[in-house]
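Okay, so here's the structure we're looking at.
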Amino acid sequence: MKTGKLLGMLLFVLGTFSLIGCNDEMTDEEEGWYDSIPDGNFFSRGNTVRFYYIDGNGNSLINPEDKNTLPVSWREELVNPIERTEDYNAEHGNYNGNHNWVVYDEEEGLYYCTVSAYGDERQSTYSFPIYVNGEKDAMQITYKYTDRDVIGGKYWAKMISWKYNGVHVYSDDDEPYKKVFIKKANGKTTVSLTR
């Protein structure tokens with residue numbers, strides 16, 4: 001009888017610990033998401049975010065016939081960003097080694113720019129500049145990384161938050177082809193998701 005009680009108590013205690021160990025809430029790491037990869041590297045990835053640069057009247061600040069108006073992004077500070085527009089291909093709209101593209105949006109009646117999204121797997125947040133008409137703005141992207149179900153590489157970087165001058169404008173959970181309007185007027189830069 002004592003053995004039966006002891007066995008029953010042991011099963012009860014083990015069952016209790018098993019139930020406590022089962023929890024519906026899993027950490028990011030348990031789900032295969034990491035804030036950083038210690039042996040990771042610098043990377044760039046494509047995206048569909050559209051950056052529209054407009055003046056105070058809503059007119060496009062991008063003029064493909066004037067390379068000085070082409071926005072230039074890069075993974076680090078540039079001394080002379082305009083040099084990055086020398087390879088501009090008017091037929092396809094790409095330049096800066098295919099890191100920037102300028103496209104005309106007939107619906108909006110404006111040009112927009114797409115940029116490569118830069119990052120470093122060794123950290124969760126990466127900042128880089130974009131130069132527009134002689135001004136430098138700041139991009140900052142926060143990522144999570146996974147090595148699960150990755151095709152064509154070791155890790156995949158998911159955008160958690162893309163900020164333009166500190167304003168959240170995009171995450172990978174948003175709809176594709178998101179429009180971001182950057183108004184530059186009277187010495188001020190305003191970032192908005194509406195025109």
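The values are calculated or read from the model by the stated rules, or taken from the named source; none is laboratory data. For clarity, every value in this text was computed on a predicted model and none was experimentally measured. Don't worry about glycine lacking a Cβ; one is built from the backbone with ideal geometry, like all the others, and counts go over all protein chains shown. In case anyone asks, the SASA skips ligands and DNA or RNA and just uses the protein heavy atoms, side chains included. Shrake-Rupley method; radii C 1.70, N 1.55, O 1.52, S 1.80 Å.
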List the number of the failed condition for residue 27; all other conditions in (1) part of a helix (DSSP H, G or I); (2) open to solvent by less than 100 Å² (accessible area, probe 1.4 Å); (3) modelled with pLDDT under 95 hold. (1)
For the range 79-89, give me each residue that is assigned to a loop (DSSP other than H, G, I, E, B) and in contact with a helix residue (DSSP H, G or I) (Cβ under 9 Å, 6 or more places away or on another chain). 86, 88
What are the pairs, 6+ residues apart or on separate chains, where a residue within the range 80-91 that is free of Cβ contacts under 8 Å to residues at least 12 places away in the same chain has its Cβ under 8 Å from a residue that is open to solvent by less than 70 Å² (accessible area, probe 1.4 Å) and in a loop (DSSP other than H, G, I, E, B)? 87/96; 87/97
How many residues of the range 109-126 are of a type outside the set (Ser, Thr, Tyr) and in a loop (DSSP other than H, G, I, E, B)? The answer is 4
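State all residues of the range 153-195 that are charged (D, E, K, R) and out of contact with any Asp or Glu (no Cβ under 9 Å at 6 or more places or on another chain); if no residue qualifies, say none.
Residues of the range 153-195 charged (D, E, K, R): 154, 158, 163, 172-175, 178-179, 183-184, 188, 195.
Across the range 153-195, the qualifying residues are 163, 172, 173, 174, 175, 178, 188.
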The range 127-139 residues that are assigned to a loop (DSSP other than H, G, I, E, B), paired with ones that are open to solvent by less than 30 Å² (accessible area, probe 1.4 Å) and polar (S, T, N, Q) (beta carbon under 8 Å, 6 or more apart): 133/69
Does the range 171-188 include one or more residues that are free of Cβ contacts under 8 Å to residues at least 60 places away in the same chain, open to solvent by 20 Å² or more (accessible area, probe 1.4 Å) and not in a loop (DSSP other than H, G, I, E, B)? yes
Test residue 192 against the criterion of being touching a His at 6+ places or on another chain (Cβ under 8 Å), open to solvent by less than 50 Å² (accessible area, probe 1.4 Å) and of a type outside the set (A, V, I, L, M, F, W, C), and give yes or no. no
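Residues are listed down the side, and each one gets a yes or a no for (1) in contact with a Pro (Cβ under 7 Å, 6 or more places away or on another chain); (2) assigned to a loop (DSSP other than H, G, I, E, B):
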site: 68; (1), (2): no, no
site: 77; (1), (2): yes, yes
site: 91; (1), (2): no, yes
site: 101; (1), (2): no, no
site: 107; (1), (2): no, yes
Of the numbered conditions (1) under 30 Å from residue 36 (Cβ atoms); (2) of a type in the set (A, V, I, L, M, F, W, C); (3) open to solvent by less than 40 Å² (accessible area, probe 1.4 Å); (4) touching a Ser or Thr at 6+ places or on another chain (Cβ under 6 Å), residue 110 fails exactly one; give the number of that condition. (1)
Are any residues in the range 57-104 open to solvent by 20 Å² or more (accessible area, probe 1.4 Å), of a type in the set (Gly, Ala, Ser) and more than 20 Å from the chain's Cα centre (by Cα), and if so, which ones? 60, 90
Is at least one residue of the range 143-151 under 17 Å from residue 120 (Cα atoms), open to solvent by 50 Å² or more (accessible area, probe 1.4 Å), at pLDDT below 95 and not aliphatic (A, V, I, L, M)? yes
